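The values are calculated or read from the model by the stated rules, or taken from the named source; none is laboratory data. Here the structure is a predicted model, which means the values were calculated and not measured. Backbone-built Cβ (ideal geometry, glycine too); neighbour counts: all protein chains shown.
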Amino acid sequence: MSTSASPEPSASYPVASTVVTAAEILEFIGDRGRAVPQEISNALKLNRATVHRTLYTLETLNYISRAPDGSCGLTFHLFELGTSVLHSHNLVDPARISLIQLSEETGYTVNHGVLYDDRVLYIDKSSPPSYLQLDKTVGETDPLHCTSLGKSLLAFLTEDELSAVLDRIDLSPRTPKTITDRERLCADLSRTRERGYSIDDQEVALELRCIGAPVFASDGTVKSALSVSGPADQITPERIPDIAVRLVKTAGEISERLRKHVAG
């Protein structure tokens, strides 16, 4: 989780500074796990009275809890709200059974992610019981340019949308294999569109190879993406086409489920 920039004020409704302060404090605590009031005050450059007043309000509303040492942490109330977002967007439930089936078929972890704040946000996953956990946990984020999920989300944006995102994001390397040149990345995204799936060839983590595919909404826009991830010595280049066929088929089934849900 990263602290967001303050929103632009509206001509009709000015931004409520108290709400912005509360959000900044929640995000700060979320980034660190726990934080004491003095730490929050120093980091966010807020006076101590404002911090204590806001923390008291957040505690009263059950958004945070205090430990005996005075440190504050987030409560499960925020988790409940986050879960309701996923269900309201009709993302997790239509895909869940397919994630489990694909994970069982391939023997690898299947991740489900969306484009959020110019990053990949992991919203669900399924892993075989005996599988070595190399993947991200639900709620974490990763860069778009070096993950198979991110590439699938980027590749199927409109040209204007893609250009705008690439203008904003930093193509910094995560490994020696990360594509950091915009022209090369666009060429890779073009190949993703042509074949229907993306490849992260040890670009976000060495020894990890991932294959991604888009999930489409009823209007044909990209809604989310799926990926199969596993050790590079097991998901070899020779095995990619076979896994990709299963992945694209699964993503297509979820897309069809979403279309039927809207139509129904």
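Points to keep in mind about this one:
- Sub-6 Å Cβ pairs linking a first residue in the stretch 231-248 that is more than 19 Å from L99 (Cβ to Cβ) and assigned by TED's automatic domain parsing to the domain that holds I211 to a second residue that is of a type in the set (K, R) and surrounded by 14 or more Cβ atoms within 10 Å (Cβ to Cβ), at least 6 apart or interchain, are A232/R209, ordered by first then second residue.
- Checking each residue in the stretch 207-220 for being free of Cβ contacts under 8 Å to residues at least 40 places away in the same chain and either out of contact with any strand residue (DSSP E or B) (no Cβ under 8 Å at 6 or more places or on another chain) or within 11 Å of L153 (Cβ to Cβ) (or both) picks out D219, G220.
- Residues being β-branched (V, I, T) and within 14 Å of G252 (Cβ to Cβ) - total across the stretch 204-223: 2
- Of all residues in the stretch 58-74, those satisfying the criterion of being of a type in the set (S, T, N, Q) and surrounded by 15 or more Cβ atoms within 10 Å (Cβ to Cβ) are S65, S71.
- The residues of the stretch 27-61 that are of a type in the set (D, E, K, R) and at positive phi amount to a single one, K45.
- Residue in the stretch 189-206 that is within 14 Å of L247 (Cβ to Cβ), touching a Cys at 6+ places or on another chain (Cβ under 9 Å) and in contact (Cβ under 8 Å) with a residue 60 or more places away in the chain present: no
- Residues of the stretch 189-233 that are surrounded by fewer than 20 Cβ atoms within 10 Å (Cβ to Cβ) and farther than 21 Å from G107 by Cα: S190, R191, R193, E194, R195, G196, F216, A217, S218, D219, G220, T221.
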